[in-house]
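Structure first, commentary second.
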Amino acid sequence: MLLEFLIVIINQVGINRNGMQFIIPVQAKAGNDQLGVTQTKQDIGYCTERFPELICRSISAQFLEKNLIAMFELTMDEGEVKIVHEKHYKLVPSDQVSEADLQNYRSCE
């Protein structure tokens, strides 16, 4: 399974500022490929079985347009895949972001 291969290679877990540990499967699609419920269920199932002591935070990313990406955090609720969070990001060259922009973004977090 590709996910197992990636987890073994990475061999790392996510840790938040409170010390909670996470396993983070990521699914990304572009072009005509669409995010799939089946793969998400398999990813979450695999992570909860293989890493029961870790919190699974499933992430999916879908390119909507050339420079626009939607990112989702997904979970299982009563056997159904549900969206926890959805955010959209415009991708721009880094030289188009000024220091003032960065300061402004930091103050909004």
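Of all residues in the stretch 7-65, exactly one satisfies the criterion of being of a type in the set (A, V, I, L, M, F, W, C), within 19 Å of HIS88 (Cα to Cα) and at pLDDT below 85, namely ALA30. Within the stretch 78-107, the set of residues being surrounded by 10 or more Cβ atoms within 10 Å (Cβ to Cβ), within 24 Å of the chain's Cα centre (by Cα) and among the acidic types (Asp, Glu) comprises GLU86 only. When the stretch 18-67 is limited to residues that are open to solvent by less than 90 Å² (accessible area, probe 1.4 Å) and of a type in the set (Lys, Arg), the one that is nearest to VAL81 (Cα to Cα) turns out to be LYS41.
The values are calculated or read from the model by the stated rules, or taken from the named source; none is laboratory data. All values derive from a computational prediction rather than experimental measurement. Don't worry about glycine lacking a Cβ; one is built from the backbone with ideal geometry, like all the others, and counts go over all protein chains shown. For accessibility, only protein heavy atoms count, side chains too; no ligands or nucleic acids. Shrake-Rupley method; radii C 1.70, N 1.55, O 1.52, S 1.80 Å.
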